[in-house]
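The next block holds one structure in the form of structure tokens; read it before the comments.
The values are calculated or read from the model by the stated rules, or taken from the named source; none is laboratory data. In this text the structure is predicted, and so the values were computed from the model without any measurement. In this analysis, Cβ positions are derived from the backbone assuming ideal geometry, glycine residues included, and neighbour counts consider all displayed protein chains.
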Amino acid sequence: MDFVKNTNKVWLFSHFYVPLQPGVQDSILMEKIKVLIVGAGPAGCTCGLLLKKRNVDCLLIDRAVFPRDKICGGGLTPRSYRLLDRLLPSFHYDYNSVNRLKLLVEGKSVFDLHMDHELRIVKRREFDAQLLEEYQKSGGRFANEALAAIEENDGQIVATMQSGRQVACDYLVGADGANSRVRKHLNPLSDHGFLWMEQYGPKSPDNAIVINVSKTYEQGYYYSFPNESYDVQGFGDGNTTPQRFRQVLDAMGCPNLKPKGAFIPRSCDYPLHDHIILIGDAGGFPNRLTAEGLYYAILTAQNAAEAISSEQSFAKVNGKVFAHKKREVWESRFFYSKTGLALLRLLCNHFPGILKWCYNKATTP
Ligand SMILES: Cc1cc2nc3c(=O)[nH]c(=O)nc-3n(C[C@H](O)[C@H](O)[C@H](O)COP(=O)(O)OP(=O)(O)OC[C@H]3O[C@@H](n4cnc5c(N)ncnc54)[C@H](O)[C@@H]3O)c2cc1C
């Protein structure tokens, strides 16, 4: 039996403790674990799987019942799926393979790229459920719970679920997406990022990704990602509203169907904490220029698992990603500026080889 840890709690078996302070929780046995991961999207599941591989005691929770919907184009770039394949070699998932990308500026085709390496388009409802299943198959513990509150006492983190269940942990990993409850604990005023909107349109015959950029967009773009049975048509920038999405769809010649929206965070605007780690969208890691989030969800999950299991600081292990986030601010500003778009046209018309090189550099490891 473990014993008294601090003045107000008695520890039992290292997995449960009895709070001794007078109050509501007096008679409740509280679980004690090493790592609590909030959110079972790609970031949370990957982190859980990697911790499990290293025999670190962890519990993964999600408020949703899986399979659940997730608004997302589902595009896995070569660097995303190669990282996933390397970290989780036994994980198999369904996807649509795409080798063609059509780039449009102001609605006019400027570049038709035949990609050397396929892009994999997954249906997030299925992909995320398969990943969670993989975690559970590996013996990982999962609970269908919603995080409601976080308290920190004497270096101990206590998470309270909506059900009233309380869990004490040494590390809390926030993998709870764009509207992260864990990030709000670190910075109640943190920014949600840009709103992106999507709808499922009819499947186009050429199985190509379509991207349109325009000087009227505020650091964003229109896209169409082909799935096996439909195309995901979407748009996001600094001024997205449902009405603006309809206008963009009209301009692209798409019918208005059933749009849905979700945020993509753009910055890591919270103080770093040694024992509360944010990964994936919760940490604001999606790329500011491309909005690619899956690669960073997997990469930061790997870095969190590494930091926890080797007792190093996440700031250090994830240092390259934090440095890149800073560079993305001006990269994104330049790319979407008038000069940036003019340069893009120039490259498309006269130096397509350079553009293909840039594309490969951004999407392959
Ligand atoms: C319109 C759109 C299109 C996109 N297209 C692409 C793309 O093509 N390619 C790409 O790489 N990225 C894309 N992204 C970004 C990508 O979807 C995200 O980066 C990715 O989902 C991040 O994964 P995550 O695990 O961090 O978070 P999520 O996938 O959002 O998972 C978070 C999980 O946390 C759970 N949760 C939330 N709050 C709580 C709580 N309080 N308690 C318990 N559980 C909670 C949620 O139920 C959810 O399951 C797109 C995003 C949007 C909005």
Which condition does Leu113 not pass, out of (1) away from the ligand (no atom under 16 Å from the Cβ); (2) modelled with pLDDT of 95 or more, if it passes all the others? (2)
Looking at (1) touching a strand residue (DSSP E or B) at 6+ places or on another chain (Cβ under 7 Å); (2) over 19 Å from Ile71 (Cα atoms), which is the one condition that is false for Gly261? (2)
Is it the case, given these coordinates, that Tyr93 is assigned to a loop (DSSP other than H, G, I, E, B) and in contact with a Lys or Arg (Cβ under 9 Å, 6 or more places away or on another chain)? yes
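For Pro67, state whether it is within 14 Å of the chain's Cα centre (by Cα) and within 12 Å of the ligand (Cβ to nearest atom).
On the way: within 14 Å of the chain's Cα centre (by Cα): no; within 12 Å of the ligand (Cβ to nearest atom): yes.
No: the conditions fail for Pro67.
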Select from segment 23-63 the residues that are among the aliphatic types (A, V, I, L, M), in contact (Cβ under 8 Å) with a residue 12 or more places away in the chain and not in a strand (DSSP E or B) and list them in ascending order. Ile28, Leu29, Ala40, Ala43, Leu49, Leu50, Leu51, Val56
Answer residue from segment 170-200, given it is more than 14 Å from the ligand (Cβ to nearest atom) and farther than 21 Å from Tyr296 by Cβ and is surrounded by the most Cβ atoms within 10 Å (Cβ to Cβ) among those: Asp170
Answer yes or no as to whether Ser180 is at pLDDT 95 or above and under 22 Å from Ala262 (Cα atoms). yes
Please go through segment 237-248 and pick out each residue that is away from the ligand (no atom under 14 Å from the Cβ) and in contact (Cβ under 8 Å) with a residue 24 or more places away in the chain. Gly238, Thr241
Listing of strands (runs of 3 or more DSSP E) fully contained in segment 98-208 that carry 2 or more residues being farther than 25 Å from Asp281 by Cα and over 20 Å from the mean Cα position of the chain (by Cα): 108-121
Pairs please, first residue from segment 135-148 and closer than 12 Å to Cys45 by Cα and in contact (Cβ under 8 Å) with a residue 24 or more places away in the chain, second anywhere and of a type in the set (S, T, N, Q) and more than 14 Å from the ligand (Cβ to nearest atom), Cβ atoms under 8 Å, 6+ apart in sequence or on different chains. Phe142/Gln136
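The rows are residues; the columns are (1) modelled with pLDDT of 55 or more; (2) touching a His at 6+ places or on another chain (Cβ under 6 Å); (3) under 20 Å from Tyr171 (Cβ atoms).
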| residue | (1), (2), (3) |
| --- | --- |
| Lys5 | no, no, yes |
| Leu20 | no, no, no |
| Gly41 | yes, no, yes |
| Gly44 | yes, no, yes |
| Leu50 | yes, no, yes |
| Asn55 | yes, no, yes |
| Asp62 | yes, no, yes |
| Arg68 | yes, no, no |
| Cys72 | yes, no, no |
What is the one condition in (1) surrounded by 19 or more Cβ atoms within 10 Å (Cβ to Cβ); (2) more than 14 Å from the ligand (Cβ to nearest atom) that Ser80 does not satisfy? (2)
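Filtering segment 212-258 down to residues that are β-branched (Val, Ile, Thr) and surrounded by fewer than 17 Cβ atoms within 10 Å (Cβ to Cβ), which residue is modelled with the highest pLDDT? Don't jump to the end; show me each part of the working.
First, pick out the residues of segment 212-258 that are β-branched (Val, Ile, Thr): 213, 216, 232, 240-241, 248.
From what is left, the residues that are surrounded by fewer than 17 Cβ atoms within 10 Å (Cβ to Cβ) are 216, 241.
Values: Thr216: 94, Thr241: 97.
That would be Thr241.
Being of a type in the set (D, E, K, R) and over 18 Å from Ile298 (Cα atoms) is the filter here; which residues of segment 119-169 pass it? Don't jump to the end; show me each part of the working.
Keep residues of segment 119-169 that are of a type in the set (D, E, K, R), which gives 120, 123-126, 128, 133-134, 137, 141, 145, 151-152, 154, 165.
Once the filter is applied, which keeps residues that are of a type in the set (D, E, K, R) and over 18 Å from Ile298 (Cα atoms), segment 119-169 yields Lys137, Arg141, Glu145, Glu151, Glu152, Asp154, Arg165.
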